[in-house]
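Presented below is the structure to which this report refers.
The values are calculated or read from the model by the stated rules, or taken from the named source; none is laboratory data. In this text, all values refer to a predicted model and were calculated from it rather than measured experimentally. Here Cβ is always computed from backbone atoms with ideal geometry, including for glycine, and neighbour counts include all displayed protein chains. Accessible surface areas use protein heavy atoms only, side chains included; no ligands, DNA or RNA. Shrake-Rupley method; radii C 1.70, N 1.55, O 1.52, S 1.80 Å.
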Amino acid sequence: MPDTGKLTAHYCVSTHWDREWYEPFQEYRMWLVEILDGLLDLLDKRPDFKHAHLDGQTVMLEDYLDIRPENEERLVARIQEGRISVGPWYVLPDEWLISGESYIRNFMVGRKVCARLGVPIMDYCYTPDQFGHIAALPMIARGAGLKAGIVWRGTGDDTYPPHFAWIGPDGSRLPTHKLFDEAAYGAMFHRLRDLEGVRDYEGTALQEMIARSVAHERGRIQIPLMLILDGNDHQAFKEDMADLFAGMVRDFPDIAWEWTSLEDYGEKLAAHADALPEYRGELREPSRSRERPYQYLIVHVISSRYPLKQRNDQCQAWLERWAEPSALMQVLAGGKPVMAYLDQAWRYLLKNQPHDSICGCSVDQVHRDMMYRYDQAEMLAEGLTRRAQIFLAPPSEAPETPQCYTAHNPLPFARRGIFECALSFPPNWPEFFVDGLSSGEPRNCFEIVDASGGSIPFQLCSIERNRLYKRVRADGRPKACHGDTYHVAVELDLPPAGYMGFEVRPVSHAVRNHGSLRCGRMSAQNEFLTLDINADGTADLRSALTGCHFRGLFQYEDSGDVGDGWTYGDLINDQVVVSPGTRVTTSIDEDGPLRTVFRIEREFDLPVGLRTGMSEDLRGDWHRSERRATLRVTDLISVERGTPFVRVRTTVDNTIRDHRFRVGFPTHAETEVSFADTPFAVVERDIVAPEESATWHERVNPEKAFTSFFGVEDTKGGLAVVAPFGLHEYEVTQTPDRSLMLTLFRSTHKTVQTNGEPDGWLLRKMNFEYLLIPFAEKADRAALARIASEAQTGVRVLATAEAPAPVSFLEVEGDGLVPTSMKAAEDGQGGIVRLWNPTDTAQAAVLRVTRPLRQVWRCNLLEDVEEEVPFEQLGTVAVRVEAGALMTLRFAW
């Protein structure tokens with residue numbers, strides 16, 4: 001260590017709290033109650049036990065006080081005294097599988113918990129055990145007002161110093177402490193508690209252990225700060241920690257010892273911010289040495305238990321894309337939504353986002369409990385959205401002729417596209433016809449017109465006859481009705497952040513889908529692309545913009561998986577099936593002027609599971625079974641008028657155990673990097689692993705994480721995949737074809753501390769959705785992010801008393817920016833709009849609000865006002881967002 005003054009060592013005791021993992025939540029909560037009961041008693045008994053850190057999670061306070069409400073006063077007093085630190089998170093989240101907005105809501109709920117109790121919240125970004133770290137975490141942490149942070153996985157002692165300035169995509173600096181490789185936040189626990197029977201704090205064994213730790217830290221630090229973090233998973237706070245600290249102070253007098261909080265340590269680290277070396281980007285380095293236990297990056301959690309990821313993304317979309325914007329529009333229209341429903345829904349969702357939960361690496365009971373929370377979050381979000389929408393456009397309770405509908409768009413930009421709508425008809429609809437004398441299928445005669453009487457193009461897709469369906473009553477409650485439901489594809493022009501009406505009228509003439517997008521027997525074409533379906537089930541995609549031709553798409557791959565929720569375990573003796581299908585049937589599912597849908601039914605004959613010849617030392621042979629079963633896949637591949645992508649909806653009926661199932665798209669791109677979005681950052685990654693990594697303890701996995709899109713590009717253009725729900729793992733192959741490999745799911749049965757459980761096999765039908773987008777030159781990152789947000793949102797259509805003219809409450813103009821949030825302010829005073837610039841240049845935007853503005857501010861991510869922003873009184877705000885940055889605007893009217 002350079003001569004920079006006397007070394008100060010900060011001792012911080014903690015417990016790392018996995019809320020659910022190898023035991024379900026309720027069992028762990030009993031442990032929590034026992035630990036916090038003991039901590040409160042210990043703090044009363046030992047004034048020299050100066051401080052305890054509660055893992056950065058305020059949910060621990062709620063979980064404890066639900067059982068021990070009588071201890072609230074004692075707990076609050078100790079936090080107010082500074083002897084317990086809490087927050088800033090509500091829960092410690094996984095970083096790769098959640099949206100950027102979920103990070104922000106997590107901090108906001110954490111702050112609400114502390115505000116309710118009247119206790120201070122820790123000013124430190126505590127992320128000690130996440131499976132690597134996203135590139136935007138410094139920007140998010142600084143935007144939430146945090147001054148410093150801590151990391152572990154994804155960094156190595158030989159490539160990262162213990163203190164560095166982590167630079168976010170917008171240039172923000174987060175002074176960061178890197179826990180040392182060996183056991184990290186649990187290093188003191190493992191070193192000290194491994195000295196079995198040692199409780200003599202004057203003993204030589206203990207002194208030697210401390211001396212080794214001090215020497216190790218002194219050897220790597222560049223500033224005179226050292227952190228001794230004494231904690232481990234579910235560790236109780238021990239009385240002997242005070243004795244240990246006294247021994248360290250006595251035995252190492254050349255060090256200034258402080259029993260402190262991480263917030264205090266972060267303030268000392270931040271004072272050296274300008275002297276710290278800078279590091280940029282995501283932290284995803286694997287563990288290089290077997291001498292560094294527990295430091296695995298653990299990347300394949302992004303593809304385990306796909307239904308968890310799917311439900312998480314759906315609930316995020318309900319809250320971020322529908323409930324929050326709809327509530328704001330209701331407020332702008334003079335309404336008063338019950339915002340407590342939003343808070344409750346977010347808490348249900350956030351409790352599913354710790355890494356042992358959403359990553360799918362816990363016991364089956366944990367993940368069954370998660371599904372209940374997802375359901376609650378969605379029901380609350382949908383109910384709040386529905387009530388906001390009927391406030392804006394009052395409903396029609398009874399089926400009428402003609403029928404009026406209102407289509408809602410919660411995104412703050414106009415949208416034109418092909419949308420799926422369900423139109424409900426009463427049994428006595430006055431006009432129908434039979435196509436083909438008297439033997440054809442009867443169908444109602446109707447047209448769809450907008451509020452001004454203009455014709456709206458539509459295409460009949462399917463009919464459900466004699467069914468119960470739900471309408472909405474004037475009080476917002478659902479009401480059961482009986483009749484036929486016509487599913488149609490309709491071309492709508494949706495106003496930004498608003499709604500438009502249309503009317504379904506009876507007509508006296510026949511109504512058919514006239515026209516087609518087909519340009520061949522099994523080909524379809526629109527303004528942007530041509531899709532050819534081949535007899536073997538593959539497809540060829542040609543871009544009208546560049547002429548690029550992507551051939552042989554939809555090559556499926558199935559391989560054995562001896563891993564678990566954490567890790568894909570590839571077999572040495574594997575049978576990797578690469579095929580568009582053992583048996584394939586191609587057909588036309590739907591054809592008309594707005595879209596053509598091809599159906600490809602595939603059957604794969606695959607090994608039913610694994611067979612092993614295991615010895616006691618686990619060194620036996622692993623093979624896939626010789627017995628075969630049929631796995632069925634159905635792809636519905638759509639070309640739609642006016643859209644630059646191919647939409648793919650896939651159903652897999654999984655009958656196979658212990659395997660991974662992927663789909664591939666050869667690109668032949670001449671590139672060495674891929675691109676992908678992560679929360680609030682688009683990153684580029686090397687395709688080929690470094691040669692020296694062949695000897696590392698943990699391999700550099702070719703599979704990478706993405707949030708909603710990834711792809712490759714070269715000078716001729718490229719191909720991107722956008723996946724709105726549940727799919728988060730991709731690979732770009734190192735072979736010359738540079739295939740984009742999209743992991744659909746992994747099927748495993750091993751769970752931690754069990755003999756295996758069945759749920760992780762995913763023996764069920766599963767539905768997947770994604771878009772294929774060919775593009776010219778460099779991919780437009782902002783356009784891809786907007787397409788992803790549209791795919792996550794869709795449209796909501798409700799039967800209403802009238803067909804209203806288009807109404808818009810708010811609009812963001814600026815194609816280079818992505819609106820990520822539109823909501824009412826947390827304090828009820830005004831509205832919030834957040835803009836993200838995913839590009840590498842500054843972008844301008846204009847915010848238009850239909851209400852006369854009173855004041856506009858730029859805020860931090862937690863909606864704290866930072867500075868006023870000039871505006872035009874009639875509701876126009878011009879802003880400039882720097883490259884890679886976020887901007888949060890708060891407005892009052």
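Just a few scattered comments:
- When the range 686-716 is filtered for residues that are open to solvent by less than 30 Å² (accessible area, probe 1.4 Å), among the small types (Gly, Ala, Ser) and out of contact with any Gly (no Cβ under 9 Å at 6 or more places or on another chain), the ones remaining, listed by number, are Ser693, Ser708.
- Qualifying position, being open to solvent by less than 10 Å² (accessible area, probe 1.4 Å) and at pLDDT 95 or above, among Ile79, Ile121: Ile79
- Hits in the range 848-880 (condition: outside any strand (DSSP E or B) and touching a strand residue (DSSP E or B) at 6+ places or on another chain (Cβ under 8 Å)): Thr850, Leu853, Arg854, Asn860, Leu861, Glu863, Val869, Pro870, Phe871, Gly875
- Test: Tyr469 is open to solvent by less than 30 Å² (accessible area, probe 1.4 Å) and at pLDDT below 90: yes
- Restricting the range 271-299 to residues that are assigned to a strand (DSSP E or B) and out of contact with any His (no Cβ under 8 Å at 6 or more places or on another chain), the residue that is most open to solvent (accessible area, probe 1.4 Å): Arg280
- Selection status of Tyr348, farther than 18 Å from Trp566 by Cβ, open to solvent by 10 Å² or more (accessible area, probe 1.4 Å), of a type in the set (Ser, Thr, Tyr) and not in a loop (DSSP other than H, G, I, E, B): yes
- Among the residues of the range 1-31, those identified as open to solvent by 10 Å² or more (accessible area, probe 1.4 Å), assigned to a loop (DSSP other than H, G, I, E, B) and within 30 Å of Leu276 (Cα to Cα) are Met1, Pro2, Asp3, Thr4, Gly5, Lys6.
- Every residue from the range 510-532 that is under 30 Å from Pro430 (Cβ atoms) and open to solvent by 60 Å² or more (accessible area, probe 1.4 Å): Arg512, His514
- Taking the criterion of being among the basic types (Lys, Arg), touching a helix residue (DSSP H, G or I) at 6+ places or on another chain (Cβ under 9 Å) and open to solvent by 10 Å² or more (accessible area, probe 1.4 Å), the residues of the range 737-783 that qualify are Lys750, Arg764.
Matching residues to (1) modelled with pLDDT under 95; (2) out of contact with any Asp or Glu (no Cβ under 7 Å at 6 or more places or on another chain); (3) part of a loop (DSSP other than H, G, I, E, B):
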site	(1), (2), (3)
Ala236	yes, yes, yes
Met248	yes, yes, no
Glu263	no, no, no
Gln310	no, yes, no
Ala323	no, yes, no
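- Scanning the range 800-826 for residues that are assigned to a strand (DSSP E or B) and either touching a Gly at 6+ places or on another chain (Cβ under 8 Å) or open to solvent by less than 20 Å² (accessible area, probe 1.4 Å) (or both) yields a total of 12.
- The residue list Asp251, Asp343 contains one member that is over 30 Å from Pro819 (Cβ atoms) and out of contact with any Leu (no Cβ under 8 Å at 6 or more places or on another chain), which is Asp251.
- Tally of residues being free of Cβ contacts under 8 Å to residues at least 12 places away in the same chain and either within 23 Å of the chain's Cα centre (by Cα) or more than 30 Å from Pro838 (Cβ to Cβ) (or both) across the range 647-705: 5
- Condition check for Ala845: open to solvent by 10 Å² or more (accessible area, probe 1.4 Å) and either touching a strand residue (DSSP E or B) at 6+ places or on another chain (Cβ under 8 Å) or closer than 24 Å to Ala141 by Cα (or both): no
- Inclusion of Val13 among residues that are of a type in the set (Val, Ile, Thr), closer than 20 Å to Gln235 by Cβ and either modelled with pLDDT of 95 or more or under 33 Å from the mean Cα position of the chain (by Cα) (or both) is warranted.
- Of the numbered criteria (1) of a type outside the set (A, V, I, L, M); (2) open to solvent by 20 Å² or more (accessible area, probe 1.4 Å); (3) under 28 Å from the mean Cα position of the chain (by Cα), the one Cys859 fails is (2).
Condition check ((1) over 27 Å from Leu342 (Cα atoms); (2) in contact (Cβ under 8 Å) with a residue 24 or more places away in the chain) across all residues:
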position: Lys823; (1), (2): no, yes
position: Gln829; (1), (2): no, yes
position: Ala842; (1), (2): yes, yes
position: Arg854; (1), (2): no, yes
position: Glu863; (1), (2): no, yes
position: Glu868; (1), (2): yes, no
position: Phe871; (1), (2): yes, no
position: Glu882; (1), (2): yes, yes
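- So Gly552, is it closer than 19 Å to Leu742 by Cα and either at pLDDT below 95 or open to solvent by less than 40 Å² (accessible area, probe 1.4 Å) (or both): yes
- Counted residues, the range 665-681 - those being assigned to a loop (DSSP other than H, G, I, E, B) and of a type outside the set (Phe, Trp, Tyr): 8
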